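Colleague: One structure follows; several queries about it will come next.
The numbers here are math on the coordinates, done by the rules we state, and not lab data. Since we're looking at a predicted model, the values are computed, not measured. Note that we place each Cβ from the backbone using ideal geometry, even for glycine, and neighbour counts take in every protein chain shown.
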Amino acid sequence: MIETPLTGNIKPGVSLDIKAYEAAGGYQGLRKALQQMTPPEVTTLVKESNLRGRGGAGFSTGMKWSFVPMNVEGPKYLICNADEMEPGTFKDRWLLEGNPHQLLEGMIISAYAIQATTSFVFLRWAYKKAAQEIRRAIAEAHAAGYLGQNILGTGFHLDMHLHTGVGRYMCGEETALLNSLEGKRAVPRAKPPFPQISGLFGKPTIVNNVETLCFIPHIVNKGAAWFQSLSRTGDGGTKIYGVSGRVNKPGAWELPMGVTMRELIEEHAGGMQHGYNFRGALPGGASTDFLTTAHMDVPMDFTSVAAAGSRLGTGTMVVLDDHTCPVGFVHNLEHFFAQESCGFCTPCREGLPWTEKILYALERGEGTEADLEQLDLHTRLLGPGNTFCALAPGAMEPLQSALKYFREDFEQHVHEKKCPYGNYTH
Amino acid sequence: MFTKKNVRMAIIHIDGKTYQVKEGRNLLETCLSLGLDLPYFCWHPALGSVGACRQCAVKTFKDEQDTKGRLVMSCMEPVKDQLRLSISDKEAAAFREQVIGWLMTNHPHDCAVCDEGGSCHLQDMTVMTGHSYRNYHFTKRTHKNQYLGPFLNHEMNRCIQCYRCVRFYKDFAGGKDMDVFAAHNHVYFGRHQDGILESEFSGNLAEVCPTGVFTDKTLKQHYTRKWDMTYAPSVCQGCGLGCNIIAGERYGSLRQITTRYNGAVNGYFLCDRGRYGYEFVNSDRRIKQAAVRNLTGTNVGTAEALQQVKDKLASGKVIGIGSPRASLESNFALQQLVGRDHFHLGMSDTEHDLTTLALKILRQGHVRTPSMQEAATADAVLILGEDLLNTAPMMALSVRQAVNRQPAQEAMNTAHVADWQDAAVREAMQDKHGPCFILNVQPTKLDELATRAYYTAPETIARIGFALARQLGAPLAEINHLTEEEHQLVEQMAAALMSAARPLIIAGYGSACDGVLRAASNICEALHQHAKPSMLVLTTPECNSMGLEMLGGLRLDSAVNVVMNGEADTVIILENDLYRKLDKHVADNFFSRCKEVILIDHLYNATAEKATVLLPAGTFAESDGTMVNNEGRAQRFLQVYAPATTEIQESWRWLLQLGRVTNCERLRNMEFFDDVIHALTQQVRCFAGIDKLTPPADFRIAGQKIPREPHRYSGRTAILANINVSEPKPPVDGDTPLSFTMEGYRGEPPSSVIPFFWWPGWNSVQSVNKFQEEIGGSLHDGDPGKRLIEPGGNGQLTFFTEVPGHFVPCAGHLQLVPIYHIYGSEELSVHTPGIAERMPAPYIMLSPEDAKRYQVAEQHQLQIAIDGHPYTFTVKVNPALQRGMAGLPAGLPGTGIVDMPQMAKV
Amino acid sequence: MNKLLTDFLYMLTQTEISKIEHELQQVPVKKAAVIEALKIVQEERRWVSDENVDDIAALLGMSADEVDSVATFYNLIFRRPVGRHVILVCDSISCWVMGYEDLKQGLMDHLQIRYGQTTADGRFTLLPNACLGCCDHAPALMVDNDLYQDITPVMIKDILAKYK
């Protein structure tokens, strides 16, 4: 029986209120952390658990927390990045709508670990139901004494606010999110300095993904070894995986970290729809590299997927079937990335629209070999470090892998001067 | 620039060569300081690094074994000991070329018709990266342009989104009405709606923008390519700060003023009055011929004019009135011609008193007056009675940097970032300010920076200053009649100044109250007593007020007296409109009593109307001269071009010629500029050393003069072909080592005689990098100019004890105080149409209580009388103004009232 | 709220002002509340006009340029009038794979407008939007605050009929 700590208590269409949450064991972790552990002990525990960030970067959560300076004056902030807008990603919505208290408990414990005094949930505009539920949950938590002054009589205070966004994928980037919370344009910041040192309003700040924070109460309750035991591989815990595209049962499931792509597609997603064949998939949302039929048995964890030339990212998979034009597929993605560029650095701002235009030309049958060379060039030049943030490098991942695995499709567009699939996007 | 003591040195390796450089600076400015060529856009020496454009990419290597390396943006990379990098690395070079390629996807093919062409940083960087063929073959995004006022043209299609404009305008200069809009490749830089840019420093956008988005609109009226102009190093005549400028001419008209970098004075920037106030030189109100009243017939030539004047001088009782906007040499020549006992400083009463006092304070005090760049290193600021943005605009930029200093330092410490990591410092700083106190008669635009801004009468400002000095330990009597709030303010200011490391006190002519200057001096002396190294800035009204004061002369009102009582009847006026120095009725009477008025000046004005002889004077662009700014820095401006007519001459040349025809002993054997300077340094001790400001006229490098024209200057043979098809001999410059040609020494001349900044591959204003010791530092052989005044004090501290009386409103009367306007208060700049357009109409500013008392409201007319002379003004109401006082715009044409403060009867 | 300031405000209601002032209490610097202020104003009015920008600027001690710089960055702050109802159609990858093109065409045919336009009767504005986060039920769209999933073109008429 697979253990599903994050979603086991979530019932479709129902949002757990505080009573139901407490009945299921909720806020035990908070009690344990605040009453039996010191903040550094919480951080150490999380580090030991090897919990890796579920927002896409996969950085060790405990390590991230450990960089927050402890003996400094002034406020510190704990922020939940609930700006889920990576195309193909729909996992956080499940947690936010279904069990907001789990997130709140995770946030309060995390805030305690870094000694933050104020916390925010940065929620994307479109998640209207989640906003409702989170507001309700915050009010319930306040009433129950889990938020506000002197939580559980321990002297720890924490304010929590819901901030809803007004669009822009960039807000999902940690430092751009901070700028947005400060009422500015969501342009990222250069690192160093890292948010742990100079974050929201220049103060030490931690930003974590929803899924990441939801694990915290469970890790506190049951320990690092338990967390690692949930996984099949070296990266600990469970993972919410998702599959979308032309599969029989698109959806999201909480599974042990390290299930293979084959299990996801054939078992949980019920295989490809009748008449469609699997050509490839982006394992973790729009900004990850294609995996193909050759990778069906790769465990879907951070390390293994990276070794296979891609990224686990958010773990929600977008499937490319054999009736869908790969060029059109990538065109849709680059259109998204080009439009969501914040406009700060040259390669992203000017390079992404260029790739979009080339892909559009290819779809119209007007692309040339020289255009393909330009695409190759862009995948090489828009790498990490060459741009100001990770948006452009992410945008290049699907393009780069499409050119690698589906080159013949691109060539066909050039030579036949049309899209062989009959696609012709707007 | 932040100065750091004990900077550590580091060894770095660039493309196999080893260099010793300062640790902690960023790689880009380090490479540039070493003379290496690296392309960049978004970094600016005054604005720091943000890492946006990605143009400055270089390869760094972990160690000697690392052959792969990684690409980093050099502007964001701190220098560390043993750092290894390569600029020429193929991958880095290819990436840099591609960055240009990306910028070219939307950049229009405007070069041929773009004002920036030939002086364009984008062009230079494109060539530097080797980018040539554009691979992008899709459509370009286009934008609509905005009307931004009379100074700047807007052409957004050319934008390469380097973000420099908004960083300069908002972050550096504190402007609020310009920003970046939209996102991705639609980002737009402009205003939220069309309208005149409000910042007094908007013109710098033309230089800060690396392409032709923002260009000089006044240049556009008479457009000329950078390589086609004749240039000379010059000094702005707009206010007492003496910013360094470069003036460019073609076809006999002055075309453009740009910043002349001076690492001590104005740095990289200018204010808009200085940048655009040059059009008076081309005005059709220029006096172009000599003229003698009642002498009909043909034009009076130079010789005839001299004869006429000789006769008039011979038969008259002569006095001379100098000018605080004329050069030292011209004033000195006049002084010598008429004799010391007959030489009057042409300043208004108040200005005379203030300037005399300022010089006295600077000489006898213990506190140093800083250069503008030094003032920017202060960490606490007190401004007494100055509306800096209108009285000494560029100093306001220094104040802005100073006010950021304490919080920036704190931010750098907490976030562990260097000062050049601009975005990180500003984020960590948030909107904190260091201590800043502004006391003025009415609100100023700098008030947003102030810890406290307080509005009251000038006398009260002075009294508060005295109280502050007393609080700091000066042996002064207690100041009474201060309110509780004012006492509290004094305590707060004292605490702030004492806890600062380098406090800056600013006062000057803006308050028109000498008590304020005395208070400022006392505060500094008191701080000195505590061994606190403070700095004192005293502003002066005109570009050579300080110089004229140091030369010395009699008061203007004594000139009026001697003429009114008949002791003198023949007046030589040098570059001065007396209607700006005397109230109208006084000036009218004065002129009615003069038998002869010999005016040497540039423009037809009210004084010219009264003159009996007009001698056309060359403007700053047509003359050589020396001015002394408020800091006591003597600076030389050199002639840009030979004037349009042969009769227009430097004022000092007219005076030397008058000396010759009148056989004036004191002016004997003086013919050239160097002769005058020599005599000046001999006779006036405080000017020792000004003969070294620029090399003498016979200075040559490898036997060659220094050309005023770039080597690509074109059209010389054809320019005057409409007059005579044979190419004329270029004018000979016997006064300086510069030539009016493009032939001459091609290399770098001494810093004081650099006519324009250009370097192979660097055609834009960024070429100044090549002329600096290190980026943002001094020019190679020192910044031009020489400080003439250093603090006197050995021994006893000097405190002023004379406190102005407590201001009491006088029933039925208003105390008039001057309100200064960057556009309008200065005489010559208002001849630029764009500046005249922004000038306010004359008004009288009242407090709401007085408006009520005299039963007037906004836009009504109020009549006042001074000594029985009536004046009528439109009313403006300002709730911050003290009751019993009225503000009158200073220097606006047609106001009629000059000398303030004055009591007026309502 | 000082009276002198309200004299200068063009048209914000007392409710809006109070809500904005509440937000101002939550932030260390006033300008940090600008996005909240824009949301508050847009809530009732459905879009933010130039006058609204001026008012927000006055309330927050910012310039209109500073406010608009932020407003124009975000795609869900509308600086032009919109219809009574805003349709946001997800045009991201999963929806695209699952039939977005037909859905888009269906909407445009039904409403007789293109992206960015408003129906002549002022009822609907049609806009694309990035991934709505329900990719397992693609294609999807939102009308105002309501999410619709697993849409086929035939469903359009009934869904839109609910919105007057």
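Colleague: Answer rounded, prolate or oblate for the range C:66-164, using the Cα gyration tensor with square roots of eigenvalues a ≥ b ≥ c: rounded when a/c is under 1.5, else prolate when a/b is larger than b/c, else oblate.
Modeller: It is oblate, given that a/c is not under 1.5 and a/b is not larger than b/c.
Colleague: Related question: Just to be sure I understand the model, the point goes 7 Å from the Cα along the line to the Cβ. What's the resulting residue B:798 to residue A:380 distance in nm?
Modeller: Label at residue B:798, label at residue A:380, 7.3 nm between them.
Colleague: Rounded to whole Å, give me the distance from the Cα center of the range B:711-782 to that of the range B:412-465.
Modeller: So the separation of the two Cα centres works out to 41 Å.
Colleague: Here's another thing I want to ask about it. Please give the per residue volume of the convex hull enclosing the alpha carbon atoms of the range A:18-229, rounded to a whole number of Å³.
Modeller: 114 Å³
Colleague: Residue by residue, what Karplus-based ³J(HN,Hα) values in Hz, rounded to whole numbers, does the range B:219-231 have, using 6.51, -1.76 and 1.60 with θ = phi - 60° and x for Gly and Pro?
Modeller: My calculation for the range B:219-231 gives 5, 4, 5, 9, 5, 9, 5, 4, 6, 9, 9, 9, 10 Hz in order.
Colleague: At q = 0.09 Å⁻¹, what is the base-10 log of I(q)/I(0) for the range B:323-477 according to the Debye formula with one equal point scatterer per Cα and no solvent? Please give it to two decimals.
Modeller: -0.44
Colleague: Once every DSSP H run of n ≥ 4 in chain A is given -39500 (n - 2.57) and the sum is divided by its residues, what mean residue ellipticity at 222 nm do you get, rounded to the nearest 500 deg cm²/dmol?
Modeller: That comes out to -13000 deg cm²/dmol.
Colleague: In deg cm²/dmol, rounded to 500, what helix-only [θ] at 222 nm does chain C give when every DSSP H run of at least 4 residues adds -39500 (n - 2.57) and the total is split over its residues?
Modeller: After summing the helix terms and dividing by the residues of chain C, the value is -12500 deg cm²/dmol.
Colleague: Now for a different question. What is the calculated FRET efficiency for residue A:294 to residue A:229, with r their C-beta to C-beta distance and R₀ = 35 Å, to the nearest 0.05?
Modeller: 0.70
Colleague: Averaging the inverse of every distinct alpha carbon separation and then flipping it gives the Kirkwood radius. What is it for the protein assembly as shown, in angstrom units?
Modeller: Its Kirkwood hydrodynamic radius stands at 35.7 Å.
Colleague: While we're on this one: By how many nm would the segment from residue B:606 to residue B:748 grow when fully extended, if each residue of separation counts as 0.36 nm and the alpha-carbon distance is taken off?
Modeller: Contour length minus Cα-Cα distance gives 46.7 nm.
Colleague: Also, I was wondering about something else. In degrees from 0 to 90, rounded to the nearest 10, what is the angle of the helix A:369-381 Cα long axis to the longest principal axis of chain A?
Modeller: That works out to roughly 20 degrees.
Colleague: In percent, what relative contact order does chain B have, based on Cα pairs under 8 Å that are 6 or more apart in sequence?
Modeller: Over chain B, the number comes to 15 percent.
Colleague: Do any GluC sites (Glu not before Pro) in the range B:1-104 lie in a DSSP loop with no more than 10 other beta carbon atoms within 10 Å, and if so, which?
Modeller: Answer in residue order: B:64.
Colleague: Across peptide B:135-145, what mean number of C-beta atoms from other chains lies inside 10 Å of a residue's C-beta?
Modeller: 3
Colleague: Continuing with this model, one more query. State, to one decimal in nm, how far the label point of residue B:134 lies from the label point of residue A:35, with both points 7 Å from Cα in the Cβ direction.
Modeller: Output for this residue pair reads 7.1 nm.
Colleague: Which lysines does residue A:191 reach when only Cα atoms under 18 Å apart count, and residues fewer than 8 places away in its own chain are ignored?
Modeller: Answer for residue A:191, where 18 Å is the Cα cut-off: A:64, A:203, B:80, listed by chain and number.
Colleague: Quick one: of B:288/B:595; A:76/B:170; A:76/C:30, which pairs are farther than 21 Å apart, Cα to Cα?
Modeller: B:288/B:595; A:76/B:170
Colleague: Here's something else I'd like to know. Could you grab the relative contact order for the range C:3-71? Cα pairs under 8 Å, six or more apart, rounded to a whole percent.
Modeller: Over the range C:3-71, the number comes to 35 percent.
Colleague: Can you give the relative contact order of the range B:1-55 as a percent, counting alpha carbon pairs under 8 Å and 6+ residues apart?
Modeller: Once divided by the residue count of the range B:1-55, the mean separation gives 20 percent.
Colleague: Another question, if that's okay. Using Cα springs under 10 Å in a Gaussian network model of chain A, which residue among A:412, A:102, A:400 shows the largest mean-square fluctuation?
Modeller: A:412
Colleague: Between residue B:283 and residue C:21, what is the FRET efficiency for a Förster distance of 51 Å, r being their Cβ-Cβ separation, to the nearest 0.05?
Modeller: The pair residue B:283/residue C:21 has a calculated efficiency of 0.40.
Colleague: Determine the shape class of the range B:283-330: with a ≥ b ≥ c the square roots of the Cα gyration tensor eigenvalues, call it rounded for a/c under 1.5, and otherwise prolate if a/b is greater than b/c, oblate otherwise.
Modeller: Because a/c hits 1.5 or more and a/b fails to exceed b/c, the range B:283-330 counts as oblate.
Colleague: Just to be sure I understand: if I project the alpha-carbon convex hull of the range A:24-80 onto a plane and average over all orientations, what area do I get in nm²?
Modeller: Convex hull of Cα atoms, orientation-averaged projection: 5.1 nm².
Colleague: What FRET efficiency, computed as 1/(1 + (r/R0)^6) with R0 = 41 Å and r the Cβ-Cβ distance, is obtained for residue A:20 and residue A:57, rounded to the nearest 0.05?
Modeller: The value I calculate is 0.80.
Colleague: Pick from A:118, A:89, A:288: which is most flexible by mean-square fluctuation in a GNM of chain A where alpha carbon atoms under 10 Å apart are linked?
Modeller: Ranking A:118, A:89, A:288 by mean-square fluctuation puts A:118 first.
Colleague: Tell me the angle of helix C:100-111 to the major Cα principal axis of chain C, expressed in degrees between 0 and 90 and rounded to the nearest ten.
Modeller: Computed tilt is about 70 degrees.
Colleague: Could you tell me how far the Cα centroid of the range B:193-257 sits from the Cα centroid of the range B:577-632, in Å?
Modeller: 27 Å
Colleague: Taking Cα centroids, how far is the range B:90-129 from the range A:9-37 in Å?
Modeller: Comparing the Cα centres of the range B:90-129 and the range A:9-37, I get a distance of 59 Å.
Colleague: If amide H atoms are built 1.01 Å from N in the plane of the peptide, which residues on other chains or at least 5 residues away come under 5 Å of the amide H of residue B:603?
Modeller: B:287
Colleague: What is the average number of partner chain Cβ atoms found within 10 Å of a Cβ in A:159-169?
Modeller: 4
Colleague: Comparing A:313, A:284, A:275, which has the greatest mean-square fluctuation in the GNM of chain A with Cα pairs linked when under 10 Å apart?
Modeller: Largest GNM mean-square fluctuation: A:275.
Colleague: Can I ask one more? Would you mind giving the average projected area, over all directions, of the Cα convex hull of the range B:9-96 in nm² with one decimal?
Modeller: Its average projected convex-hull area is 5.1 nm².
Colleague: Kindly identify chain B as rounded, prolate or oblate by the Cα gyration tensor criterion: order the square roots of the eigenvalues as a ≥ b ≥ c, call it rounded if a/c is under 1.5, otherwise compare a/b with b/c, prolate if a/b is larger, else oblate.
Modeller: It is oblate, given that a/c is not under 1.5 and a/b is not larger than b/c.
Colleague: Using 20 Å as the cut-off for backbone N distance, which residues of the range B:874-896 belong to the label zone defined by a point 7 Å from the Cα of residue B:837 along Cα→Cβ?
Modeller: Within reach of a label on residue B:837: B:893.
Colleague: What translational diffusion coefficient, to the nearest whole µm²/s, does the range C:3-71 have by Stokes-Einstein, given a Kirkwood radius computed over alpha-carbon pairs, a temperature of 25 °C and 0.890 mPa s viscosity?
Modeller: My calculation gives 209 µm²/s for D.
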